[in-house]
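Let me begin by presenting the structure, written as structure tokens, before commenting on it.
The values are calculated or read from the model by the stated rules, or taken from the named source; none is laboratory data. Since the structure is predicted, the reported quantities are computational estimates derived from the model, not experimental observations. Every residue, glycine as well, gets a Cβ built from its backbone with ideal geometry; the counts of neighbours run over all protein chains shown. Just so you know, the surface numbers come from the protein's heavy atoms only, side chains and all, with ligands and any DNA or RNA stripped out. Shrake-Rupley method; radii C 1.70, N 1.55, O 1.52, S 1.80 Å.
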Amino acid sequence: MKRATFIRILAAIKLVSNNVSVVENFNNKALVTMKVPEIVGESPKQFRSFHKLLSYSSYYSIKPDNNGLLLTLEYEWQ
């Protein structure tokens with residue numbers, strides 16, 4: 001994945017959640033952790049954005065948290 005694609009993915013993350021807690025960059029990988037109360041596709045644009053988040057990630061984890069969901073996404077770029 002190109003770095004420009006990752007920047008577009010970060011813009012898609014803003015459509016899904018404004019609560020991004022951690023973005024780590026190491027060895028051409030990025031680890032993004034965010035908390036969301038729920039995952040709802042209210043519009044086609046939000047649904048496509050969430051689909052892109054998962055399809056571009058090399059690893060993802062969705063776990064229940066106290067008041068919502070904890071999403072961990074890993075991306076690799078070249």
Handout entry: Selection count, the stretch 41-51, where residues are open to solvent by less than 70 Å² (accessible area, probe 1.4 Å) and over 12 Å from I13 (Cβ atoms)
Key = 2
Completion exercise
Taking the stretch 22-72 and keeping only residues that are part of a loop (DSSP other than H, G, I, E, B) and closer than 21 Å to I7 by Cβ, one is left with N27, N28, S57, S58
Practice task
Go through the stretch 37-49 and count every residue that is modelled with pLDDT of 80 or more and either aromatic (F, W, Y) or under 12 Å from the mean Cα position of the chain (by Cα) (or both).
Solution key: 1
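To keep it simple, each residue is scored yes or no on (1) on the phi > 0 side of the Ramachandran plot; (2) surrounded by 15 or more Cβ atoms within 10 Å (Cβ to Cβ); (3) at pLDDT 80 or above.
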residue	(1), (2), (3)
I7	no, no, no
L15	no, yes, no
V20	no, yes, no
F26	no, no, no
V32	no, yes, yes
L53	no, yes, yes
Y60	no, yes, yes
K63	no, no, yes
L73	no, yes, yes
